[in-house]
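**Student:** Structure in structure tokens, see below.
The values are calculated or read from the model by the stated rules, or taken from the named source; none is laboratory data. From a predicted model like this one, the values you see are computed outputs, not experimental measurements. Counting neighbours? That spans all protein chains shown, and the Cβs are built from the backbone with ideal geometry, glycine included.
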Amino acid sequence: MKRLIFASLIIFSWAGAGLAQPMEITMDAYLLKVRQSHPFFRKEALTVDVERQAQERLTGEEDWVLSAAPSYTHIEPSRAGGFNPRRIDQMGVSLGASRYFWGAGSTLSVDYGYTHTNLKVDDISIPLPTGPIAMPNDGGVFQENSLTVTYRQPLIQNRGGFLSRLAHTLQGFNVDASELIARENQEDYLLRAGGMFIDWALLTEQRKISMTRLALAEEELGRTQEKRKHNLVDEVDMIRAKDAVIGARQGIRLLETALEGVEAELMALASLNPELKLAPRFDLYAPASDILPLPRSLELLDQRSRLLKTLDVRLEQVAQSQQGAQEMEMPRMDAVLQAGVKGGDKDFGQAAAMDKPQAMAALVFSYPLGNRAARAEIARAALAREKLAEERNNIRLELQTSIKGVLARIYALEQTLALDRGRIKTSEEKTAAELKRYEQGRTELTFVILSRDAEEAARLAHAQDSASYQKLALAYRALMDALAPEMEEEPKP
């Protein structure tokens, strides 16, 4: 009894698996899955991150920079004697901290210095009638401490820190452009994936049409065989009916082979389990609701196009570069202010008091004669802007031409689809008439089969034209950068 129950459960499970319907998936859900799983999208996002980190690296120029420089010096002068030292030994250390301020283009530095000097001086010999007398002359040890604050402010060139921030600003344009290009590349990829999804829906619909044709052919074969038993039809009618069934099965097998290939590729693109049973939930015959008239499409194109926005970013980048070159052409004059305290003594404690104030103010002026580098950069930037402006006009014209071409083909296909529907209706009426005449014995089965084949061909052509229409609608949305509006936010895996 247990074995019987176990065998029954296995049989029922097999039957349930065979009767299970495939899970349907919409195009939007499928494209979202592709975005979440395909490495292409992660690669494009990383491209933007690389540019963003390159910009972040440039902000390090505003960080505090610490420095330390310990030193030791030993000097033996070539001429000793008298008041000249015979040997000098000096040890010291210099500690500093400096920072660049982009907002003003200025530099602030704080420096501390300590030196320990040991002088060795020969004794002084004083000649006397009674003989020379040696007077000791010990240079001894001297220690010095100093603390200095220096501020440097540009007054003409780089006033306000424009040149200081220029590299960071220009890299920001690279970040914006790379993000727009990444979005465009991702949408192009989704366009190809969406086209394959439509092919999947088309093959599924064509298989459904052919299955209906097969069912009718098998039904006709059954009726013909029954009539043949009663000698109501000739042998050739039964052969024709069998041939129609075989032809329908062959057509279905070809469609199933193509369908298996498309499904395998679609599953791989979305990283889905190939054993998962899926079916497209897509109305192949639905009219596109987001196709706008040509004037409105061209207006939105100028507002939405990522390609045009990318060129606008590049134009602004070149303008900033040109402004930087014009800034470099200006003379450089910096105000330098310095204040500090110093202390020196043989005793370290006395030297550390640093009770000797000191201050300095200066103007530093420089200007390269000719300044050919800056002038060449200004000319180069002007030419680059002109080239980019022409490139923008060219791409805008190409996009407008593409929009016009796609809309023209969409409108033409809408008329073709209307003719397809009329042809299907006529084919249905013709099939019904031929079938009625055949049942009355007024015609041969050949005309019924031909009429049904023509009806199937009309339905298949309608499905093919509908798929072409849906692909054009998809291409229109991609041209308008509206294929996947949710792309403005990165998908979460």
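**Student:** Return a yes/no flag: does segment 297-314 have any residue that is more than 30 Å from Lys404 (Cβ to Cβ) and touching a Lys or Arg at 6+ places or on another chain (Cβ under 9 Å).
**Tutor:** Looking only at segment 297-314, we keep the residues that are more than 30 Å from Lys404 (Cβ to Cβ), and these are none.
The answer is no, given that none of the residues of segment 297-314 is more than 30 Å from Lys404 (Cβ to Cβ) and touching a Lys or Arg at 6+ places or on another chain (Cβ under 9 Å).
**Student:** Taking the condition of being in contact with a Phe, Trp or Tyr (Cβ under 6 Å, 6 or more places away or on another chain) and crowded, with 18+ Cβ neighbours inside 10 Å, how many residues in segment 158-173 meet it? Lay out the reasoning, then the answer.
**Tutor:** Within segment 158-173, the subset in contact with a Phe, Trp or Tyr (Cβ under 6 Å, 6 or more places away or on another chain) is 161, 164-165.
Okay, now just the ones that are also crowded, with 18+ Cβ neighbours inside 10 Å, so 164-165.
Qualifying residue count for the region: 2.
**Student:** A further question on this structure: Name the single residue that is farthest from Lys227 (Cα to Cα) among those in segment 429-463 being among the basic types (Lys, Arg) and part of a helix (DSSP H, G or I).
**Tutor:** Our first condition is that a residue be among the basic types (Lys, Arg); within segment 429-463, this holds for 430, 436-437, 442, 452, 459.
In the following step, the residues that additionally are part of a helix (DSSP H, G or I) were identified as 430, 436-437, 452, 459.
Values: Lys430: 23, Lys436: 15, Arg437: 15, Arg452: 20, Arg459: 30 Å.
Across segment 429-463, the extreme among qualifying residues is Arg459.
**Student:** Further, regarding this structure: All but one of (1) among the charged types (D, E, K, R); (2) in contact (Cβ under 8 Å) with a residue 24 or more places away in the chain; (3) within 28 Å of Phe40 (Cα to Cα) hold for Glu275; state the number of the condition that does not hold.
**Tutor:** Only one criterion in (1) among the charged types (D, E, K, R); (2) in contact (Cβ under 8 Å) with a residue 24 or more places away in the chain; (3) within 28 Å of Phe40 (Cα to Cα) is unmet by Glu275, namely (2).
**Student:** Now for a different question. Within segment 227-274, count every residue that is more than 30 Å from Gln36 (Cβ to Cβ) and in a loop (DSSP other than H, G, I, E, B).
**Tutor:** 5
**Student:** Out of the residues in segment 132-157 meeting the condition of being in a strand (DSSP E or B) and loosely packed, with under 13 Cβ neighbours inside 10 Å, tell me which one is modelled with the highest pLDDT.
**Tutor:** So in segment 132-157, the residues in a strand (DSSP E or B) come out as 133-135, 140-154.
Okay, now just the ones that are also loosely packed, with under 13 Cβ neighbours inside 10 Å, so 133-135, 140.
Details: Ile133: 64, Ala134: 57, Met135: 58, Gly140: 74.
Taking the candidates together, the pick is Gly140.
**Student:** Here is a follow-up. From Ala339, Ala362, which residue is surrounded by 12 or more Cβ atoms within 10 Å (Cβ to Cβ) and closer than 28 Å to Gly161 by Cβ? If you could, list the steps in order and put the result at the bottom.
**Tutor:** On the way: Ala362 fails: surrounded by 12 or more Cβ atoms within 10 Å (Cβ to Cβ).
Result: Ala339 is the single residue among Ala339, Ala362 that is surrounded by 12 or more Cβ atoms within 10 Å (Cβ to Cβ) and closer than 28 Å to Gly161 by Cβ.
**Student:** Still on this structure, please answer the following. Limited to segment 276-303, what total is found for residues that are assigned to a helix (DSSP H, G or I), loosely packed, with under 14 Cβ neighbours inside 10 Å and out of contact with any Leu (no Cβ under 8 Å at 6 or more places or on another chain)? Spell out how you get there, then give the answer.
**Tutor:** Taking segment 276-303 and keeping what is assigned to a helix (DSSP H, G or I), we get 294-303.
From what is left, the residues that are loosely packed, with under 14 Cβ neighbours inside 10 Å are 294-296, 299, 302-303.
Filter again for out of contact with any Leu (no Cβ under 8 Å at 6 or more places or on another chain), leaving 295-296, 299, 303.
Within segment 276-303, residues that are assigned to a helix (DSSP H, G or I), loosely packed, with under 14 Cβ neighbours inside 10 Å and out of contact with any Leu (no Cβ under 8 Å at 6 or more places or on another chain) number 4.
**Student:** Condition check: of a type outside the set (S, T, N, Q) and either at pLDDT 85 or above or in a strand (DSSP E or B) (or both). Does Arg42 satisfy that? Walk me through how you get there before you give the answer.
**Tutor:** Numbers: of a type outside the set (S, T, N, Q): yes; either at pLDDT 85 or above or in a strand (DSSP E or B) (or both): yes.
Against the criterion (of a type outside the set (S, T, N, Q) and either at pLDDT 85 or above or in a strand (DSSP E or B) (or both)), Arg42 qualifies.
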